[in-house]
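Engineer: This is the structure I have questions about; it appears just below.
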Amino acid sequence: MLLLHCPLLLLLLPLGSRPQKFPTRDEELFQMQIRDKAFFHDSSVIPDGAEISSYLFRDTPKRYFFVVEEDNTPLAVTVTPCDAPLEWKLSVQELPEEASGEGSGDPEPLEQQKQQITSEEGTELFSYKGNDVEYFVSSSSPSGLYQLDLLSTEKDTHFKVYATTTPESDQPYPELPYDPRIDVTSLGRTTVTLAWKPSPTASLLKQPIQYCIVINKEHNFKSLCAVEAKLSSDDAFMMAPKPGLDFSPFDFAHFGFPVDNNSGKERGFLKSSKFGRQTPSKPRVDLHKVCIGNKNIFTVSDLKPDTQYYFDMFAVNTNTNMSTAYVGTFARTKEEAKQKTVELKDGKVTDVFIKRKGAKFLRFAPVSSHQKVTFSIHSCLDAVQIQVRRDGKLLLSQSVEGVRQFQLRGKAKAKYLIRLKGSKKGASMLKILATTRPNKQSFPSLPEDTRIKAFDKLRTCSSVTVAWLGTQERNKFCIYKREVDDSYNEEQKRREQNQCLGPDTRKKSEKVLCKYFHSQNIQKAVTTETIRGLQPGKSYLLDVYVIGHGGHSVKYQSKLVKTRKFC
């Protein structure tokens, strides 16, 4: 027996022990017939004036029937393939005498009626093969039994069928304007603005229409159900029933499908196929659908530069939930603006600012032959990524925090391209120096640990004692203090950790002292200092600056200290 799984299944009329009746537009009779669900097990009948959703297994044909009772009847049939091409054929044959008119005598059994009706081959009216939404329309059709045969040779798939004998008055699908194209009115690096003419169904007939835009990188779609099939994360065959004005959810349990309690949600698919056999989940596709109401202009944002996108527009009748596709379009976003490359001069420090998640390109082309090239980098805030290429070959890729120095083997007439990538947290600032002279070093050397240690036991009401590490290189160290409120916290201190700001940015009154020191024994390169003249119970922020031979300074990590309140 052929089964019809769809939200509109309740439109099928009961087939019982009396003569077979096909779907009717008699509302009173319709309401009486839908009360008994036992009548709906035969699902090979297409109701008049309602869209059905169903499925096909690959290489397994399916046949549907409907009756036209009178000659010269208008007829329209629409078949919508979803996620695979379909082969379908519409044919007609005369009804046997018992199936036409009111009939008389004892009714024949249902199966016997079907055998009698379908034993002869009907007259083919129309056939189609492909994945387009295709129509058969006739203003004057003969009476008879119409057969719709469908086949999918590519894969299991689902589809939709709509048939009506009153096409002029029904108009369930939104009508397209005389120009159904989508226009690209504006194109940027990350945005595309689309415009389209409104559906006459909304502008003239005043029916509720909303527009849904679909964006992807692969191809255009010909129907909204093809989009929903692609959006599904598994091999679902159809949408779960949705309550509406005319239809009610149907119990699919006896067909082998689990009950979906979220049937009212958009794109609620039943998670089963082939009668209960579970299918593995598929990865989410790069496909986006957004419904925007009745506007007819929309800007798609957050796109990638220099990327081709396909755009489809669907007009959806919110009363019938049936849709019509505009003619899709595609567009390539603009390229990123080419980065201006900064030229580095041998032995000169260059300041670089990088936007959050941004990048900067620098170029170093030594004028003379060289055996080695040295890159010194001072990252003022968070860590930055550096890549160095020599004549296109990658030589270095590192994350830099604080001060780092890299020495690379040189090559005659070589050109170096440096790419600096900023932090995801915020903007980045740094200083960079490139040189072919190995003794040229503007940044002071730093120990691995740049913290300042405070000795709690040596705290008094007017002084604190601190220590910090040095190096084997003789450098100048200056210490500064600043009184802060008791509410000053680590987060505020972190925001002020710009290591590139030197002593010249500080007030003279904040300076404690400057001194030189170093130690050939790295284990003993430690210095201590007692800061006096402080107020009892007050908080102070201490900073230590190390100043190199070239005059450039680097700040150690700030230290928050507090004097004793009572002594």
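The values are calculated or read from the model by the stated rules, or taken from the named source; none is laboratory data. Keep in mind that this is a model prediction, so the values were computed, not measured. Note that we place each Cβ from the backbone using ideal geometry, even for glycine, and neighbour counts take in every protein chain shown. Note: areas computed on protein heavy atoms with side chains; ligands, DNA, RNA excluded. Shrake-Rupley method; radii C 1.70, N 1.55, O 1.52, S 1.80 Å.
Engineer: Return a yes/no flag: does region 302-316 have any residue that is open to solvent by less than 100 Å² (accessible area, probe 1.4 Å), in contact with a strand residue (DSSP E or B) (Cβ under 9 Å, 6 or more places away or on another chain) and of a type in the set (D, E, K, R).
Structural biologist: Yes: one or more hits.
Engineer: Oh, and also: Just checking: which of the strands (runs of 3 or more DSSP E) contained wholly in region 375-459 hold 3 or more residues that are under 33 Å from the mean Cα position of the chain (by Cα), of a type outside the set (Asp, Glu) and surrounded by fewer than 16 Cβ atoms within 10 Å (Cβ to Cβ)? Talk me through it step by step, then tell me what you get.
Structural biologist: Numbers: elements: 393-409, 416-421, 428-435.
By residue number, 393-409.
Engineer: Related question: Among the listed residues 276, 264, identify the single one that is at pLDDT below 90, on the phi > 0 side of the Ramachandran plot and open to solvent by 20 Å² or more (accessible area, probe 1.4 Å). Write out each step before concluding.
Structural biologist: Numbers: 264 fails: on the phi > 0 side of the Ramachandran plot.
Unique residue meeting the criteria: 276.
Engineer: Just checking, does region 536-557 include any residue being over 54 Å from the mean Cα position of the chain (by Cα), of a type in the set (D, E, K, R) and open to solvent by 50 Å² or more (accessible area, probe 1.4 Å)?
Structural biologist: Checked region 536-557: no residue is over 54 Å from the mean Cα position of the chain (by Cα), of a type in the set (D, E, K, R) and open to solvent by 50 Å² or more (accessible area, probe 1.4 Å).
Engineer: Which one of these does residue 500 not meet: (1) under 50 Å from the mean Cα position of the chain (by Cα); (2) within 15 Å of residue 563 (Cα to Cα); (3) not in a strand (DSSP E or B)?
Structural biologist: (2)
Engineer: Restrict the check to region 344-364 and report whether at least one residue is small (Gly, Ala, Ser), surrounded by fewer than 18 Cβ atoms within 10 Å (Cβ to Cβ) and not in a loop (DSSP other than H, G, I, E, B).
Structural biologist: Taking region 344-364 as the starting set, the residues that turn out to be small (Gly, Ala, Ser) are 347, 358-359.
Then drop every residue that is not surrounded by fewer than 18 Cβ atoms within 10 Å (Cβ to Cβ), which leaves 347, 358-359.
Now restrict to residues that are not in a loop (DSSP other than H, G, I, E, B): 359.
Yes.
Engineer: Continuing with this model, one more query. With 323, 368 as the choices, which residue is open to solvent by 30 Å² or more (accessible area, probe 1.4 Å) and within 30 Å of residue 187 (Cβ to Cβ)?
Structural biologist: Values: 368 fails: within 30 Å of residue 187 (Cβ to Cβ).
Criteria check complete, one pass: 323.
Engineer: Would a scan of region 155-169 turn up a residue that is among the small types (Gly, Ala, Ser) and without any contact (Cβ under 8 Å) to a residue 60 or more places away in the chain?
Structural biologist: Taking region 155-169 and keeping what is among the small types (Gly, Ala, Ser), we get 163, 169.
Checking the rest, the ones that are also without any contact (Cβ under 8 Å) to a residue 60 or more places away in the chain come to 169.
Scanning region 155-169 turns up at least one residue that is among the small types (Gly, Ala, Ser) and without any contact (Cβ under 8 Å) to a residue 60 or more places away in the chain.
Engineer: OK, next. Are any of the residues in region 516-527 in contact (Cβ under 8 Å) with a residue 24 or more places away in the chain, aliphatic (A, V, I, L, M), under 21 Å from residue 403 (Cα atoms) and touching a Cys at 6+ places or on another chain (Cβ under 9 Å)?
Structural biologist: The answer is no, given that none of the residues of region 516-527 is in contact (Cβ under 8 Å) with a residue 24 or more places away in the chain, aliphatic (A, V, I, L, M), under 21 Å from residue 403 (Cα atoms) and touching a Cys at 6+ places or on another chain (Cβ under 9 Å).
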